[in-house]
Amino acid sequence: MYGYSIVQLARNYAHKLDRPLRHFMVSMYKPFIYTPCIIHKHLERWMKKTKKIPVIIHFHDEDGIFALKEIEKQHFRMKIHHQFRYIPSCSAEVTPQALEQILQRSDVKKVYLNRKVSALLNNAVPSANAKHVTVNGTTLSGKGVTIAIVDTGIYPHPDLEGRIIEFVDFVNGRTAPYDDNGHGTHCAGDAAGNGRMSSGLYAGPAYEANVVGVKVLNKAGAGTLDTIIRGIEWCIQYNETNPNNKIDIISLSLGGEPQPFPAENDDPLVQVVEKAWDHGIVVCAAAGNAGPEYRTISSPGISDKIITVGALDDLDTAETRADDKVADFSSRGPTNYGVTKPDIVVPGVNIISLRAPRSTLDKYQKQSRIDQYYTSMSGTSMATPICAGIVALMLQHKPNAAPDEIKQALKEGTDLWKGLDPNVYGAGYVNAKKAIELLKA
């Protein structure tokens, strides 16, 4: 096998190819097992010219795209799809022959497989001390704050009526809010549902906040690096074109297996979420559901800048915290780069929130339905938007608070577990009221 030219390409340029892409290239030879050796060379020549590989190409600087466009003209099966605005990268489909030419260029820093990324309230909100938080005589509700739910979409649920202010779809290109999976709708409710159809029982912390639906995952709850990067970049650009009505928070209940890059910022998802953070958007990302093993934090939760959220099991007892524990499934740190994660733990087990009728999850998890309007789910996916809703309360209290200030107050305002393993518990159990009071308005 080592004599095959595409395998040689993967070996010779291993420093420029991420591991999933190298594995993909080698796996292209699997059909050869079932074909006579005498035709392998002919098959390989055909494969090099015609086989399409979905990739993300990262340049040392933005000018690298111009040379790539010249290479595109030389290969009829190659296509550049999207040039990203905030990171010097683009998505493309390339043949092995075109890839070889791309890798020879000194302005190409790294090429990644455009791999798959997947989607990872009753007592939860009181348990987080986020129910009807009153500070200095003002009851905080998230009013005037906007949360972007970057996920599977948002179904126009009665509990969100009038508050889905924007919707963009990077999967099917539709313009009206919808959710064919159900995960994003549940997350929107975790953060900002007002409980209208449950007399206020199943309400999120920021029950008057606005939400923006950014659909980057399909009806199966899967997406790619390309769609997710585009969704986050859309949020950054949205703020540039809407300076008086900005997105304040991005909630990311999704993640992929972290790759062993030489440095944390070689990860394209880390690059783009940190760009959003640097542009003043608070980013909350799920730690992942690969616990109880250590070193299982998902990407982009491995970023040292953003807020990475683990899941707590409050055992359905809002009145006491003595029996609370971190959920077994909640991913543990440290990251591959020695960063202590998660940053904080938030209730994430048996969370009752908004149901998206006829969505994939609704069809296959009928047993989880709670009457006509709600459904129950567990995961760091649920903990993350609850955290985002708490951040909305903090920003209502102090609108000019920077992301770093929000993160510090959240961590310093936690309860319980100080002194225990921070790679399991983070800084502790979120306490919305304490975190808000630490912000000097």
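Whole-Hz Karplus ³J(HN,Hα) for the stretch 217-227, in order, using 6.51 cos²θ - 1.76 cosθ + 1.60 and θ = phi - 60°, x for Gly and Pro?
10, 7, 5, 8, x, 10, x, 10, 3, 4, 5
What is the sum of charges around A220, taking Lys and Arg as +1, Asp and Glu as -1, for the other residues whose C-beta is under 11 Å from the C-beta of A220?
Summing Lys and Arg as +1 and Asp and Glu as -1 gives +1.
Ranked by accessible surface with a 1.4 Å probe, highest first, in what order do W234, W46, W277 come?
Largest accessible area first, the list is W46, W234, W277.
What's the local net charge at E161, with K and R +1, D and E -1, over the other residues with C-beta under 14 Å away?
Local charge sum for E161: 0.
I want the antiparallel fraction of DSSP beta bridges within the stretch 150-300, as a percent rounded to 5.
20
Is there a pair in K411/K433; K341/K433; K109/K407; K49/K110 whose C-alpha atoms are over 20 Å apart, and which pairs would that be?
Pairs exceeding 20 Å: K341/K433; K109/K407; K49/K110.
Between K341 and residues 5 or more places away or on another chain, which pairs have amide H atoms under 5 Å apart, with H built 1.01 Å from N, and which residues are they?
Residues meeting the criterion, in which the H sits 1.01 Å from N, are G333, T335.
Using amide H atoms built 1.01 Å from N in the peptide plane, name the residues 5+ places from I53, or on other chains, whose amide H lies under 5 Å from its own.
V94, T95
Under the Karplus relation 6.51 cos²θ - 1.76 cosθ + 1.60, θ = phi - 60°, what is the ordered set of whole-Hz ³J(HN,Hα) values for the stretch 194-200, x standing for Gly and Pro?
9, x, 4, 8, 10, 6, x
Using the crude model of +1 on Lys and Arg Cβ and -1 on Asp and Glu Cβ, and no other charge, please compute the dipole size for the stretch 363-441 relative to its Cα centre, in debye to 20.
Using only the charged Cβ atoms, the result is roughly 240 debye.
Please state the charge dipole magnitude for the stretch 172-286, taken about the Cα centre, from unit charges on C-beta atoms (+1 on K and R, -1 on D and E), reported in debye and rounded to the nearest 20.
The calculated dipole for the stretch 172-286 is roughly 520 debye.
Show that you can apply the helix-only estimate: for the chain, add -39,500 (n - 2.57) for every DSSP H stretch of four or more residues, divide by all residues, and state [θ] at 222 nm to the nearest 500.
Values: 14 runs with 133 residues, N = 441.
It lands at -8500 deg cm²/dmol.
Sorting check: for 181-189, 144-152, which peptide has the highest mean count of neighbouring beta carbons within 10 Å, and how do the rest follow? Walk me through the numbers before you get to the answer.
Details: 181-189: 32.8, 144-152: 28.2.
In descending order of packing, they fall as 181-189, 144-152.
For Y202, Y337, give the ranking by accessible area with the largest first, probe 1.4 Å.
Accessible-area ranking of Y202, Y337, largest first: Y337, Y202.
If packing is taken as the average number of other Cβ atoms within 10 Å across a peptide's residues, how do 203-213, 394-404 rank, most packed first?
Listed from highest to lowest mean packing, they are 203-213, 394-404.
Where Lys and Arg each count +1 and Asp and Glu each count -1, what net charge lies around Y207 among other residues with Cβ under 14 Å from its Cβ?
0
Just how large is the dipole of the chain about the Cα centre, in debye to the nearest 20, putting +1 at every Lys and Arg Cβ and -1 at every Asp and Glu Cβ? Before the final figure, lay out each step's value.
Values: 49 positive and 47 negative charges, 320 e Å.
Roughly 1540 debye for the chain.
Within the stretch 41-78, which residues have the backbone N less than 19 Å from the label spot 7 Å out from Q237 along Cα→beta-carbon, could you tell me?
56-59, 62-66, 69
In the stretch 323-366, which trypsin sites (Lys or Arg not before Pro) fall in coil by DSSP and have 12 or fewer other Cβ atoms within 10 Å?
Hits after loop and neighbour filter: R358.
With unit charges on the beta carbons (Lys and Arg positive, Asp and Glu negative) and the dipole taken about the Cα centre of the chain, which residue among I344, Y178, G162 sits farthest to the positive side?
Y178
The values are calculated or read from the model by the stated rules, or taken from the named source; none is laboratory data. Quick caveat: nothing in here was measured; it's all calculated off a predicted structure. Glycine also receives a Cβ, built like all others from the backbone with ideal geometry; neighbour counts cover every protein chain displayed. SASA here: full protein model, heavy atoms, side chains in, ligands and nucleic acids out. Shrake-Rupley method; radii C 1.70, N 1.55, O 1.52, S 1.80 Å.
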